[in-house]
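Only one structure is covered here, and it is reproduced in the block below.
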Amino acid sequence: MLKRLLAFAATLAMLVIPLSLRAEDHPGHRVIAQDKGNVTIFAKDGSVEWQYECKHNAHDVQVLASGNILLNSGGATVSEITPEKKVVWSYTAQPIEGKTDRVEVHACQRLENGNTMVAESGNRRIVEVDAEGKIVAEVPLTVDKPNAHRDTRLARKLASGNYLVAHENDGCVREYDPSGKVVWKYALDLGGRPAAPGHGPEGHGNELFGMLRLENGNTLIATGNGNRVIEVTPEGKQVFSIEQEDLPGIKLAWVTTLDVLKNGNIVIGNCHAGEGQPQLVEVTREKKVVWKFYNWKELGNSTATARVIE
């Protein structure tokens with residue numbers, strides 16, 4: 001009888017899996033993510049704090065200083081939503097006649113001057129849009145292999161005024177000045193592994209998703225189906241990496257979002273990795289896992305955008 005009770009208790013303990021896993025001394029993070037038809041904000045303990053219906057599989061989201069949420073809420077649309085779930089601003093990109101019959105938006109950013117940067121795949125450009133929805137700046141993008149779905153993934157305007165853009169189909173990061181001149185480029189390689197089909201950890205390629213320009217001038221790159229994170233210098237030298245199986249018990253699949261915390265730790269978005277794998281992982285520069293987040297109730301296997309809020 002005692003053995004049966006102990007076995008039952010062990011089974012029950014295995015079933016009660018917390019939504020947010022962390023080390024005992026880690027306070028956790030608030031997280032915003034989109035998947036399964038909703039944008040969700042999770043409290044530090046992993047519970048749902050706020051939720052907004054969004055059927056589009058968003059690739060970019062930003063919590064503004066006002067508390068409003070900016071995200072690509074539709075195939076070609078960017079919306080700003082209040083905590084009360086009211087849309088207070090939106091912009092929908094239109095195909096440029098003669099260039100494309102289809103346009104998609106995968107990246108958006110609210111700028112310090114109040115304008116919004118939008119990367120338009122298909123149109124192969126970045127625009128800055130004011131509060132009235134008027135385009136006030138336009139930057140042409142260089143695309144070697146045009147594809148309205150895959151021209152761009154994440155893009156960011158830098159403090160210098162330049163733009164850093166992840167070109168998924170071209171497999172490279174390009175930095176542009178405001179005129180559209182390419183001033184820096186890094187082409188992603190396969191890291192010594194053969195290319196392989198698939199969106200999960202079995203797949204491997206150079207279809208990168210995002211990047212960050214670090215304070216030291218280097219660029220941190222989320223390699224998409226490259227299954228890793230790399231840091232490269234302005235000269236293009238790789239000086240740091242987190243490979244697919246560097247983290248114990250974790251297998252990186254489609255690496256998407258990146259956040260660098262004040263303590264220098266890196267938070268990695270791990271999409272298409274499969275149930276049981278975390279959607280976010282926080283690691284030190286020594287590749288020690290200090291926090292991981294997964295939620296297979298509100299989120300699923302297509303959580304392309306998940307960010308730490310605090």
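Read-outs throughout are calculated quantities, based only on the coordinates presented, and are distinct from any laboratory measurement. Everything quoted here is computed from the prediction, not taken from an experiment. Here the Cβ positions follow ideal geometry from the backbone for every residue, glycine too, while neighbour counts run over all protein chains shown.
A few remarks follow.
- Checked against (1) touching a residue at least 40 places away in the same chain (Cβ under 8 Å); (2) of a type outside the set (Val, Ile, Thr); (3) in a loop (DSSP other than H, G, I, E, B), Lys292 passes all but a single condition, namely (3).
- Residue within the range 259-266 that is surrounded by fewer than 18 Cβ atoms within 10 Å (Cβ to Cβ), more than 24 Å from Asn169 (Cα to Cα) and touching a residue at least 40 places away in the same chain (Cβ under 8 Å) present: yes
- In the range 55-113, residue farthest from Ala304 (Cα to Cα) [restricted to those that are part of a loop (DSSP other than H, G, I, E, B), among the hydrophobic types (A, V, I, L, M, F, W, C) and touching a Leu at 6+ places or on another chain (Cβ under 7 Å)]: Leu64
- Scan the range 252-289 for residues that are of a type in the set (Ser, Thr, Tyr) and not in a loop (DSSP other than H, G, I, E, B) and the total you get is 2.
- Only one of Lys237, Lys297, Lys287 that is within 23 Å of Lys185 (Cβ to Cβ) and surrounded by fewer than 19 Cβ atoms within 10 Å (Cβ to Cβ): Lys237
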